[in-house]
Each structure stands twice: as C-alpha cells, then as structure tokens.
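Peer 1: Below you'll find the structure I mean.
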C-alpha cells in the first residue's frame, strides 16, 4: 500500500493499492479485478493536476512503464505512443527525427494520456488543445473491451478525446506531428485594462500569443511567438538556471517575503517582472518556447471563457484585484484556444480565452480564488479539468452541451463506476 500526493501537495490519498502494469493486457487485468471486487481504480498520470481528478480511492493505476514510442511515420506525419510517455520524452524523441508537436502547454512533465484527458492546452487561436492533435485513441474499459477509436470514423472519438478518465484507461494514442521548427518571441508591455480592451486583436496578432500579468507590475506582458529560419540557441544552461536557481531559490524567497509582508507583494511583483519576464528574444526549439521551467509550488484555478466575453472577464478580474487590493503573488495567465469538437473540452464549439488565477500560499489566496470562481460562474466559463474549481454536476451540465451524452457513454462503458472517484461523482453526477 502506498500514498498518492499530487505535485502541488494539495491532493492526497493514503493506503491505496499501487498497480504498475507493463502491458495493455495487464491494464485490462487490473481493471477486471477491480470491477469484480467492486473497488475503484484511477489512472494517476504524473500527478500534475491541482483538481482531485487523479486522486485514487482504492487502486492507483500508474502507467509509467507504458511509455514507449511505438512508431513514427514521417511520411504520414504521425506518431504512435503508449499512454504513459511524458511530454518531455516525446518531444525529445520527435526532435531526434526532425519532427515536433504543433502546440504544447507550459509544462512537459505530464503523461500524454493525462494531458489530453484533462484538456491541457497551449495558447493559440490557430491551434487547438493537445487532444486536437489526436488521430487515434485506444481505450480499455473495466469490462475488458478494447476500443480503437479513429478520428472521423467513430462517434465515440469526440467523447474519448477529453475523457476525464471516466470512460476507460487510455493505453495508446496516435498524434499528428509536423516538421521541427524554431520560434522567436517578442514581449510587449501594456496596462492590463488596455490589454483587456484589445484582447481579441491581441489574441489574433500572432500564431502563438499569451499574456502574463503580475498585479503591481508596470503593465502586463504580451508574449508573441513567430516561426523563424534561424537555428535555435542551446538553452540548456539558461533552463537549468531557471529551474534550479530562479524557481527553486530566488522566486520562492520572494514569495515567502510577500507572504510575511503582504503589502510588499506588488513591489516584489514589479521587480520580478522587470528582471525575469522582460528578457531578450532568442530563437528557441518550439517545445522549449512553449514550455517553461518548473515553477515553485503554487495553486492554480483556470476557466475557459467564450472569446466574446473574454474582454469583460479580464476587465472585471483586473478591477476586482486592484479594487479590493488583493495581494496576488503569481502571474495571472491569459491564453487562447481554438474551438474543437471534443465533448468535454473547455473549447468545445467555441474559441476560448483561458484565464488562469495562480497563487502561492498567502493570506489573500482564499479571497482571490473565491472571487475568481464567482466571476467564472457568472460568465458561464468552463473549468479546466486539471485545475481547482468550485462547480457541481448541474453547472457542468449547463456549460457543456454534450455532458449528458458523455455521462450516458460512461455508464455504458463503465456500468459499475469502477473508474469513478469523488471528484467525478461531483462534476458528472452520481453513477447510480
């Protein structure tokens, strides 16, 4: 028996059975035994979710031994991988043969299955989330059925693309890839309310765009990335410094100081923004441009707002933080995602603006998150499944048009609720 603890140390379970299968057949065996003994099992991915989505109650399913690249088809521009491979390992494997993923999120520690199942995304209205790269997905259900779902051929494909781990266990995926490319960025600072006013134009001003705002800094940073023929720089040293010095020593020290003296938080943010965020642009390998060094421990809530209401959402959030003098010690992150067809994707049927409320532990965190959750519900935003949220099944049914169809399929493929946990019961409703 072992203990499960997520990356941010906010979710945990004690004394759960740990299963580490080496093959798809062993996955089916774990699920079958759990079903027959009426126990619950959860795939845990890399544990990089702030929500309780991966928390196992009785059996933790660890797919880290299912982590091979099975096939790279350079002509078809696809890659077939096992579900437990991390994005970091996949990026390296693709780069060795001159290929890449066209979009990534900020962190590369997640498993590919966990990333797609929770709707993990980057920032681009040209590209969708990571699940939008899927061409095929293989899922094993607790009853032992194996579903190999192909885009455009299987109705259940769009349900399985962002599955929340509620339909079965993903064992393999096939992803679209593209020729390797380099990106070079530029940073522009603008007042946060000016960013909110022009948000739609900013979102469409480059292939890859995101916004970071540290309240108290001299404006928000707009990051734009464009493709460049210039060979990417070797960033191993600078990335090592960011990971092991900046984010493990300097930034945590600044956060600790702000937690002790909250009134200094905005001044600290101003220094951080000037010294860390406003860096000279250099050409980077695409995955290194998308990914950031692992940040210090913190908490994250994130919601996907319809682009037509995004400017209102950001304006209200900025006015709330400044008007209520909330000491926010982490960047508010604003990203954009093209619409898709995955039933439980936050970007289902509409282009979205994903606004992330992030914060390290400090006195104002509960007040900040509570206000952000209230604002998100008022504007009918959809929660990011891997982040903290304050929603129930009724709200999910209201903002996800295919929720009922998804629940029906989940009950058909997992009739006993073998894959459920308390989180899925809360956001999807009782499995009975």
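Peer 1: For Cα pairs less than 8 Å apart in space and 6+ apart in sequence, what is the mean separation divided by the residue count of the chain, i.e. the relative contact order in percent? Provide the component values of the computation, followed by the final result.
Peer 2: Details: 955 pairs, mean separation 77.6, N = 432.
Across the chain, relative contact order equals 18 percent.
Peer 1: I need the peptides 125-138, 67-80, 184-197 ranked by packing, meaning the mean over residues of other C-beta atoms within 10 angstrom, with the highest value on top. Before the final figure, lay out each step's value.
Peer 2: Details: 125-138: 22.7, 67-80: 14.5, 184-197: 16.9.
Ranked from most to least packed, the peptides come out as 125-138, 184-197, 67-80.
Peer 1: Let me ask something else. Using only Cα atoms and rounding to the nearest 10 degrees, what angle (0 to 90) does helix 403-413 make with the longest principal axis of the chain?
Peer 2: Taking Cα atoms only, the helix is inclined about 40 degrees.
Peer 1: So what are segment 275-423's ellipsoid semi-axes, whole angstrom, largest first, if each one is the square root of 5 times an eigenvalue of the alpha-carbon gyration tensor? Mind showing how you got there, number by number?
Peer 2: On the way: eigenvalues 169, 81, 56 Å².
After scaling each eigenvalue by five and taking roots: 29, 20, 17 Å.
Peer 1: So for segment 327-432, averaging the separation of alpha carbon pairs under 8 Å that are six or more residues apart and normalising by length, what relative contact order in percent results? Numbers along the way, then the final one.
Peer 2: Numbers: 107 pairs, mean separation 24.1, N = 106.
Averaging sequence separation for qualifying contacts and normalising by length gives 23 percent for segment 327-432.
Peer 1: Turning to a different aspect of this structure: Find how much the distance from residue 22 to residue 65 grows on full extension, using 0.36 nm per residue of separation minus their present alpha carbon separation; answer in nm with one decimal. Each step should come with its number before you reach the end.
Peer 2: On the way: separation 43, 0.36 × 43 = 15.48 nm, distance 0.55 nm.
Separation in residues times 0.36 nm, less the Cα-Cα distance, equals 14.9 nm.
Peer 1: Add -39500 (n - 2.57) for each DSSP H run of 4 or more in the chain, then divide by its residues: what number comes out at 222 nm, to the nearest 500 deg cm²/dmol? List each step's numbers first, then the result.
Peer 2: On the way: 15 runs with 129 residues, N = 432.
The helix-only estimate for the chain comes to -8500 deg cm²/dmol at 222 nm.
Peer 1: Can you give the extra length, in nm with one decimal, that the chain gains between residue 38 and residue 350 once fully stretched, where that is 0.36 nm per residue apart less the Cα-Cα distance? Please report the intermediate quantities before stating the final value.
Peer 2: Numbers: separation 312, 0.36 × 312 = 112.32 nm, distance 3.90 nm.
Result for the pair: 108.4 nm of gain on full extension.
Peer 1: Given the options 420, 299, 151, state which has the largest fluctuation in a GNM of the chain using a 10 Å cut-off (strictly under) for Cα springs.
Peer 2: Among 420, 299, 151, the largest mean-square fluctuation in the Gaussian network model of the chain belongs to 151.
Peer 1: Can you give me the angle between helix 251-260 and the longest principal axis of the chain, using Cα atoms only, in degrees from 0 to 90, rounded to the nearest 10?
Peer 2: Approximately 70 degrees, to the nearest ten.
Peer 1: Within segment 285-321, find all residues whose amide N lies under 19 Å from a label point positioned 7 Å from the Cα of residue 243 along Cα-to-beta-carbon.
Peer 2: Residues passing the 19 Å test: 285-298.
Peer 1: Quick one: angle between helix 307-323 and the longest Cα principal axis of the chain, in degrees between 0 and 90, rounded to 10, please.
Peer 2: That helix lies at roughly 60 degrees to the long axis.
Peer 1: A further question follows. With a Förster radius of 41 Å, plug the Cβ-Cβ distance of residue 374 and residue 264 into 1/(1 + (r/R0)^6) and report the FRET value to the nearest 0.05. Write down the numbers at each step before the final one.
Peer 2: Details: r = 27 Å, r/R0 = 0.66.
For R0 = 41 Å, the calculated efficiency reads 0.90.
Peer 1: Continuing with this model, one more query. Take residue 297 and residue 155, extend 7 Å from each Cα along the Cα→Cβ direction, and tell me the distance between the two endpoints in nm.
Peer 2: The answer from the label model is 4.7 nm.
Peer 1: For the pair residue 281 and residue 315, how long in nm is the line joining their label points, each one 7 Å along Cα→Cβ?
Peer 2: The two pseudo-label positions are separated by 2.9 nm.
Peer 1: Can I ask one more? On a full-extension model of 0.36 nm per residue, what is the gain between residue 416 and residue 271, subtracting their alpha-carbon distance, rounded to one decimal in nm?
Peer 2: Values: separation 145, 0.36 × 145 = 52.20 nm, distance 5.39 nm.
That works out to 46.8 nm of additional length.
Peer 1: Within segment 115-140, list the residues whose amide N lies under 12 Å from a label point set 7 Å along Cα→Cβ of residue 73.
Peer 2: Once the point is set 7 Å along Cα→Cβ of residue 73, 135-136 turn out to lie under 12 Å by backbone N, inside segment 115-140.
Peer 1: Give me the percent relative contact order of segment 69-179, please, defined on Cα pairs under 8 angstrom at least 6 residues apart. Present the calculation step by step, with values, prior to reporting the outcome.
Peer 2: On the way: 202 pairs, mean separation 35.4, N = 111.
Over segment 69-179, the number comes to 32 percent.
Peer 1: Report the Cα centroid-to-centroid distance between segment 13-84 and segment 186-242 in angstrom, as an integer.
Peer 2: Between the Cα centres of segment 13-84 and segment 186-242 lies a distance of 35 Å.
Peer 1: Output the Kirkwood hydrodynamic radius of the chain, Cα pairs only, in Å rounded to one decimal.
Peer 2: 22.0 Å
Peer 1: Now for a different question. How would you rank 107-113, 53-59, highest first, on the average number of other Cβ atoms within 10 Å across their residues?
Peer 2: Working: 107-113: 23.7, 53-59: 20.9.
Descending mean neighbour count gives 107-113, 53-59.
Peer 1: Have a look at the DSSP beta bridges in the chain and tell me what percent are antiparallel, nearest 5.
Peer 2: For the chain, the DSSP antiparallel bridge percentage is about 85.
The numbers here are math on the coordinates, done by the rules we state, and not lab data. Computed from a predicted structure; not experimentally measured. Here Cβ is always computed from backbone atoms with ideal geometry, including for glycine, and neighbour counts include all displayed protein chains.
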